[in-house]
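Trainee: Below you will find the structure I want to go over with you.
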Amino acid sequence: MDDRTYTAEATPGETVTVAGWVHEIRDLGGIAFLILRDTTGRIQVKFEKDEMDDELVEMGLGVSRESVVAVTGDVKEEPRAPTDVEVVPESVEVLSRADTELPLDPTGKVDAELSTRLDNRTLDLRREAGQAIFSIRSEVQAAVREAFREADATEINTPKIVATGTEGGTELFPITYFGREAFMNQSPQLFKQLIAGSNLERVFEIGPIFRAEEHNTPRHLNEATSIDFEGAFCDHNDAMDVCESVVVAAYEAVAENCAEELDALGLDEFEVPDTPFPRISYEEAIERINVTGELDEQLVWGDDLPTEGEKALGNDVGGHYFITDWPAEIKPFYIMDHDDDETLSTGFDMMHPRMELVSGGQREHRREELIAGFEAQGLDPEAFEYYTKMFKYGMPPHAGWGLGAERLIMTMLDLDNIREAVLFPRDRQRLSP
Ligand code: ATP
Ligand code: MG
């Protein structure tokens, strides 16, 4: 069906049909240019008014910006053209006419508010920078899948409509399921563990998570994409190794394959993070944060790290790092504690200097301890019977983690707002488009 030639591939000497959007019309009097844009770039179409059929000239130059046109003609070398070639048209077909008033300017010459851009994503992603973010996101997902395969993990898909949430609480979106109460899943946690206990052993998933969090910040979404890993016979250190290799693989793929996109985003100093990522204990983390003096109050053992604290430590470390050995009491029930110290958990977070990217840990695979953990967290183990039951039939030690895909992209590309990395973000205000 698509037998047109991409603008980037139009070669002098050929007769081609190029198709795309009218980026701009430059009328210089006797001569005029239509700049046609497609997914690969732009090409100049030259109209010499005196030498060409009036109808053709009228068709090509009378069309509004952002209309979709197909132009057939000869490709000529033209050193003065932006791409050194131009098309001399024989025919112009208008496939879809655009309104003369546009809600935003796809050439990017006029800035638009983020909300206007999100309301008009189609137009917004005709801008180079917008297109670049989502090309890179696609590259990252491909690289992550490849890295997981190298780690012998199998891709799985788990349900997003569930009877009980992973950790219960107020962060669940309730829905009605044939007259029964159900929820949108906040994490594939319990399912991926159940499958790590099957013969698949090592699994990963890239899928949506839903969080009914009330807050409205530049790094939270109510629907996000989680990159999850779970591996049988892995401990928390193995899980951190896989985490580091997946994140680095994503950066390497982008550095290698996305030079143009990085350029469009002004990221000429893009760097793959150094490895190994430092592994800093929670205890050391709070000490280092306290020393910076950035917080009004000193942190004490057992405190969760406030956002300002994470930033202060991030500045201090200066790259990706892990925080390990958290107090058991502030990590979820399914995370295992250290054998030799029950107040310490094997849970870890992986941090970018700006924010948390990953939470993970070794899981509690001993059924009695797991059930005690449910109770300690105020959850009813009965509601999770489908899960705890499988721990009766041979559950290997296992570990894993969840990485926010949008936070990975946001920090990788130095975006101010996580919404830039989502096509159609869901937040407190935004449910459409
Ligand atoms: P935070 O404390 O930053 O809100 P969290 O500890 O609640 O995050 P986890 O439940 O540990 O998040 O989820 C694992 C990862 O999934 C996070 O590190 C983050 O990258 C991503 N993630 C979680 N919640 C969100 C959200 N609301 N929006 C975007 N990404 C999220
Ligand atoms: Mg977390």
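The values are calculated or read from the model by the stated rules, or taken from the named source; none is laboratory data. Please read all numbers here as calculations on a predicted model, not as lab measurements. Note that we place each Cβ from the backbone using ideal geometry, even for glycine, and neighbour counts take in every protein chain shown.
One line per residue, one yes/no per condition, for (1) more than 20 Å from Ile31 (Cα to Cα); (2) acidic (Asp, Glu); (3) over 37 Å from the mean Cα position of the chain (by Cα):
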position	(1), (2), (3)
Glu55	no, yes, yes
Val63	no, no, no
Val69	no, no, no
Thr72	no, no, yes
Val75	no, no, yes
Pro82	no, no, no
Glu90	no, yes, yes
Leu95	yes, no, no
Leu102	yes, no, no
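Trainee: Name, by its number, the condition in (1) polar (S, T, N, Q); (2) crowded, with 17+ Cβ neighbours inside 10 Å; (3) away from ligand 2 (no atom under 16 Å from the Cβ) that does not hold for Asn315.
Mentor: (2)
Trainee: Can you name every residue in the stretch 336-362 that is surrounded by fewer than 23 Cβ atoms within 10 Å (Cβ to Cβ), of a type in the set (S, T, N, Q) and within 15 Å of ligand 2 (Cβ to nearest atom)?
Mentor: Ser359
Trainee: Show the residue pairs that are 6+ apart or on different chains and have beta-carbon atoms under 6 Å apart, the first residue being within the stretch 333-350 and farther than 19 Å from Arg279 by Cα, the second being within 16 Å of ligand 2 (Cβ to nearest atom) and not small (Gly, Ala, Ser).
Mentor: Phe333/Gln377; Tyr334/Arg363
Trainee: May I pose another question? All but one of (1) surrounded by 15 or more Cβ atoms within 10 Å (Cβ to Cβ); (2) on the phi < 0 side of the Ramachandran plot hold for Gly108, so report the exception by its number.
Mentor: Unmet condition: (2).
Trainee: Looking only at the stretch 310-351, filter to residues that are among the small types (Gly, Ala, Ser) and more than 12 Å from ligand 1 (Cβ to nearest atom); which one of those is modelled with the lowest pLDDT? Outline the logic, then answer.
Mentor: Quick first cut of the stretch 310-351, residues among the small types (Gly, Ala, Ser) only: 312, 314, 318-319, 328, 345, 347.
From what is left, the residues that are more than 12 Å from ligand 1 (Cβ to nearest atom) are 312, 314, 318-319, 328, 345.
Values: Ala312: 97, Gly314: 97, Gly318: 97, Gly319: 98, Ala328: 94, Ser345: 97.
Of everything passing the filter in the stretch 310-351, Ala328 is modelled with the lowest pLDDT.
Trainee: Any residue at all in the stretch 377-399 that is under 17 Å from Ser345 (Cα atoms) and in a helix (DSSP H, G or I)?
Mentor: Going through the stretch 377-399, the residues under 17 Å from Ser345 (Cα atoms) turn out to be 377, 397-399.
Next, from what is left, pick out any that are in a helix (DSSP H, G or I): none.
The answer is no; no qualifying residue exists.
Trainee: For the stretch 25-58, which positions are surrounded by 17 or more Cβ atoms within 10 Å (Cβ to Cβ) and in contact (Cβ under 8 Å) with a residue 60 or more places away in the chain?
Mentor: Arg37, the sole residue that qualifies.
Trainee: Would it be correct to say that Leu370 is touching a Phe, Trp or Tyr at 6+ places or on another chain (Cβ under 8 Å) and more than 16 Å from ligand 2 (Cβ to nearest atom)? Break it down stepwise before answering.
Mentor: Values: touching a Phe, Trp or Tyr at 6+ places or on another chain (Cβ under 8 Å): yes; more than 16 Å from ligand 2 (Cβ to nearest atom): yes.
When the stated conditions are applied, Leu370 passes them.
Trainee: If we scan the stretch 258-281, do we find a residue that is within 19 Å of Gly360 (Cα to Cα), more than 25 Å from the chain's Cα centre (by Cα) and at pLDDT 95 or above?
Mentor: Yes; the residues of the stretch 258-281 include at least one that is within 19 Å of Gly360 (Cα to Cα), more than 25 Å from the chain's Cα centre (by Cα) and at pLDDT 95 or above.
Trainee: Another question, then. Output yes when any residue across the stretch 360-380 is touching a Leu at 6+ places or on another chain (Cβ under 8 Å) and in contact (Cβ under 8 Å) with a residue 60 or more places away in the chain, and no when none is. Give the steps one after another, and end with the answer.
Mentor: Pass one, the stretch 360-380, residues touching a Leu at 6+ places or on another chain (Cβ under 8 Å): 364.
Adding the requirement that they be in contact (Cβ under 8 Å) with a residue 60 or more places away in the chain leaves none.
Checking the stretch 360-380: not a single residue is touching a Leu at 6+ places or on another chain (Cβ under 8 Å) and in contact (Cβ under 8 Å) with a residue 60 or more places away in the chain.
Trainee: Within the stretch 376-399, identify whether any single residue is surrounded by fewer than 21 Cβ atoms within 10 Å (Cβ to Cβ) and within 15 Å of ligand 1 (Cβ to nearest atom), and answer yes or no.
Mentor: yes
Trainee: Pick out, from the stretch 109-168, the helices (runs of 4 or more DSSP H) lying fully within it that include 2 or more residues that are among the small types (Gly, Ala, Ser) and in contact with a Cys (Cβ under 9 Å, 6 or more places away or on another chain). Full working, then the answer.
Mentor: Details: elements: 114-119, 121-124, 128-150.
Helices (runs of 4 or more DSSP H) meeting the threshold: 128-150.
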